[in-house]
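Please read the structure below before turning to the comments.
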Amino acid sequence: VLAAVFRRLGELVVVCTGVSILTFLMIRLIPGDAVQIMLGANAEVTPQQIAAMRAHLGLDQSLFVQYALWVGRALHGELGTSVWTGRPVLEEILPRVGVTAELTVLALLFAAILAIPLGCLMATARRRWSDYTIRLVSIVGITTPSFWFGIMLLYAVSVAAPDAQMLGWVSFADDPVGNLQRVILPVTALALPVLASLARVVRASMVEVMRQDYIRTARAKGLPERDVIIVHALRNALLPFLTSFGIMAGYLFGGSVVVEQVFALPGLGRLMVGAIAERNYPLVQASILLATLTFVVVNAAVDLLYMAVDPRVGRA
Amino acid sequence: MKSTAAAIGLGIALLAAATVPARAQVLEIATDQSPVGLDPQVATSFATQLVTSTIYEGLTAIDADLRVVPALASSWTVSDDGRTYRFQLRSGATFHNGRPLTPADVVASIARVRDPKTGSPYASRFTSITAVEPDGDRAVRVTLAQPSAPFLAQLAALAIIPPESVAELARHPVGTGAFRFHDWVPDTYIALERNPAYWDQGHPLLAGLKFDIVPEAATRQLGLQSGTYRMVPSLDSATAAALQGQSRVKVLSTQDLAYSLIGLNAAKPPFDKAAVREAVNLAVDRGEIVDAAYFGKAVPAGPLSPALRDWALPVSAFDCYRTDPSKARKLLQGAGLQLPVKVTLNVLGSLQQVVDVAQVVQAQMNKAGFEVTLKVQEQGKFIQDWRGGNFEAFASLNSGGPDPDDYFGRTFATGGATNVFKYSDPALDKLLSDARVSQNPGERKRLYDQAQRILACDGPVVHLAYGTLFTAVRADVQGYVPNPTRSLRGLRDVSTGP
């Protein structure tokens, strides 16, 4: 088990290095650099001023040197300062993490809690109308983009309850009720595609497991069908579910970029979109690194959980 | 137990009643972009100006009819040679930090804008100032190198700041305006509160302003309908149409100073030839652009916005504005060009309005002997190419100014700061410099009429259409008059309630 943990850690380092190189190159390959955008349409700037600003931001160095400098500083926990505000990027990022974390965790919980019973229902009601209905709905759910669903939810609420205060952001600490009231819609929009695809995963693996011999044995023992499903089938069917659960955490982060935009929430996703538009290199690099790190850690945790659920995995 | 709960409930209700004033309310405003900084002399984007126009004031202001009105200067006099202005400062004006406004603050504010180290985009407007000095303890004297007709209008954009706060202005503005800064949570909101010491007694009527940053147009619209937001300062035509006729919402409109345009590079073939530039004017049908890309909510554009009522010539004054594709084709052949003339049009992709306009223009130009390729660009790339003169032609949206001198001088004079077209016409240069120093309005009008005729057909900018600036407010918001400059200074006169 320890070896497996170390192997995971090694992978984590490789993935983070790879992603940091990719983001570093990608943001710099987009035409138009930070200096151009900061100066904007204001043409009363001399080429000397542009050159001085570029040197100040270190953009006059070769890409390799820029990357080496950044990695060196990052390893000391120094992720740079925002090009626009001059504040350390961590100070810009940290207040945003809470919003995105709340959305992602609530959406994941919401999806997971509903996916398991719905998946079981689909599996046991196979080829009956309830199975078909839920499957149809789930396909619609998977293919519907969160932002469209979010806007539709907003329209629906504005017609059904025109006076409800469901937009904007108040922190949970300031006003718990107001906070929950405002996250209902974004969490629903975010959770729906995840719920749909998780439910399908549960259904598929339940169908698979229900065909196994030991289920027939359990039934033959005279166990009630409920016990057969919950005690014997579900536990084994949960393995693929856990894997998708980890992947969905990453998907949700991507989704929250869009949902934060629609619902005007001050999360990490919006910060990143803004930072890319502004070519705020240090901020983009730091926030993507943070997101990658979270994603990789969550997946590593899922793999460890896997070992707990299925002892065979650790030995392999 | 029950009675305790009831008592607490009653207490909360009383507290709530006590903290909500009977009349004054905080106006929640939904806006699309988070300002980069709030220093009114450095950050000049629409997003910043929207907020700072309620916090700061200049010596003068521009009213909703684009006329110059007194602000921090209660009155002024001009010397006979038109070179010396004496501004009487408003009595009772104090900064939000409690300190009274002094002539030294005006001197320092003008000096800061002109200082190259500040990097103010307004610096070039004030290069003709030769001296600024206090005149007694309630007046300031400004001397110019030569008379400047647009000077008073330009002063409206120069916010008067307290020099002791310069270091923190980008994050924590301190002005003299009707509202003072309270707090700012980036990407979430900027809250302002009523300035109780505002010089205009009894104003503002609101308890404060809250600018909510809401990037999605649909969300702003729904928030306004549900009453979460009480004002959306600028709407696109489609949203305005959707909101019109709803009982709880009022849609206000005014002529926008911003206009859509095609820019032509006068330093590169094929647009280095005046005949080819004229051919583009003949090719486009401005009426069709207004219908197709603006839902009819715009007016065809000459070089000056019709909002500048005293200056703008009607579009009927320009011969090349009569759409005539066959004449355009003849001009191209006359210029010795092989038809079709291949042209790449860079398009500012971040504004849907511009993309829509460009597509209509492409179809129109293709009927008149051109073969246009659209290159829709991301904003950063577009600006880079624009600044570097790295384009044949581009489609964009420009914000106009309240005085013709500022726009024409900057854009079309030889070597002008935003003359990215490398356009140069000595006759036009002469007209513009004469108009700038002229003190006679009739004379200025005549000079600008001539300049407009030259620019309409020969100039490097094909002016297409001036849109409409739509503002939506809840029905109970009273007294707001939208300003074509997009300034929200008028909020000082706004109240809410039945």
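The numbers here are math on the coordinates, done by the rules we state, and not lab data. The model shown is predicted, which means the values in this text are computed figures rather than measured ones. When we count neighbours, we look across all protein chains shown, and the Cβ atoms used for this are built from the backbone with ideal geometry, even at glycine.
The table below gives the values:
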read-out	value
Check: the protein assembly as shown dipole with +1 on Lys, Arg Cβ and -1 on Asp, Glu Cβ, in debye	1980 debye
Net +/- balance of residues flanking A:F241 in space, Cβ distance below 11 Å, scoring K and R +1, D and E -1	+3
Size of charge dipole - chain B - debye, nearest 20, with Cβ of Lys, Arg +1 and Asp, Glu -1, no other charges	260 debye
Percent breakdown of C-alpha pair distances by 10 Å bin, ordered from the shortest bin, for segment B:218-322	12, 33, 28, 17, 9, 1
Convex hull volume of the protein assembly as shown per residue (C-alpha atoms, cubic angstrom)	223 Å³
Alpha-carbon spread of chain A, three principal axes, descending order, Å	85, 57, 35
Neighbour-count ranking [beta-carbon atoms within 10 angstrom, fewest first] of B:V26, B:V361	B:V26, B:V361
Chain A, helix-only ellipticity at 222 nm - DSSP H runs n ≥ 4, -39,500 (n - 2.57), divided by all residues, nearest 500	-26000 deg cm²/dmol
Between segment B:342-404 and segment A:68-147, the Cα center-to-center distance that results, in Å	38 Å
Shielding by partners, peptide B:213-222 (average Cβ within 10 angstrom, other chains)	6
Backbone N under 19 Å from the A:A277 label point (7 Å along Cα→Cβ), restricted to segment B:200-219	B:211-219
Most mobile of A:R279, A:R128, A:R270 in a GNM of chain A (Cα contacts under 10 Å)	A:R128
Gain on full stretching of the segment that runs from B:H182 to B:A207 - 0.36 nm per residue minus C-alpha separation	7.8 nm
Mean ellipticity per residue at 222 nm, deg cm²/dmol - from DSSP H runs of n ≥ 4 across chain B, formula -39500 (n - 2.57)	-9500 deg cm²/dmol
For segment B:101-232, average projected area of the Cα convex hull in nm²	10.8 nm²
Residue (of B:S53, B:A312, A:T104) at the positive-pole extreme of the protein assembly as shown, dipole from beta-carbon charges	A:T104
Partner chain coverage, peptide B:376-388 - average Cβ within 10 angstrom	5
Charge sum, other residues only, whose C-beta stays under 15 Å from B:R171's C-beta, Lys/Arg counted +1 and Asp/Glu -1	-4
Cα→Cβ-extended label distance, 7 Å offset, between A:Y132 and B:K445, nm	7.9 nm
Gained length - A:Q61 relative to A:R235, 0.36 nm times residue gap less alpha-carbon distance	57.1 nm
B:S247-A:L75 pseudo-label distance in nm [points 7 Å out on the Cα-to-Cβ vector]	6.9 nm
Farthest toward positive dipole pole in chain B [+1 Lys/Arg, -1 Asp/Glu at C-beta], among B:L432, B:M231, B:A417	B:M231
Fewest-first ranking of B:F394, B:F295, A:F245, A:F110, using other Cβ atoms within 10 Å as the exposure measure	B:F295, A:F110, A:F245, B:F394
Fluctuation leader among A:V202, A:V65, A:V140 - chain A, Gaussian network, Cα springs under 10 angstrom	A:V65
Value of Rg to Rh for segment A:211-316 (Rh from inverse mean 1/r over Cα pairs, i.e. Kirkwood)	1.23
Largest to smallest principal axis extent of the C-alpha atoms in segment B:342-382, angstrom	31, 18, 7
Spatial separation of Cα centroids for segment A:208-260 and segment B:272-328, in angstrom	66 Å
Dimensionless Rg over Rh [segment B:265-382; C-alpha; Kirkwood]	0.98
Spacing of the two label points (7 Å from each Cα toward its C-beta) at A:D227 and B:D310, in nm	9.4 nm
Stretch gain in nm, segment B:K342-B:S495, where the contour uses 0.36 nm per residue and the Cα spacing is subtracted	49.5 nm
Size-normalised alpha-carbon gyration radius of chain B, reference 2.2 N^0.38 Å	1.06
For B:H182, net neighbour charge (Lys/Arg +1, Asp/Glu -1) across residues whose Cβ lies under 11 Å away	+1
22 Å Cα-Cα threshold exceeded, pairs from B:K330/B:K367; B:K327/B:K422; B:K330/B:K422; B:K210/B:K381	B:K327/B:K422; B:K330/B:K422; B:K210/B:K381
Burial ordering of B:H182, B:H463, fewest other beta-carbon atoms within 10 Å first	B:H182, B:H463
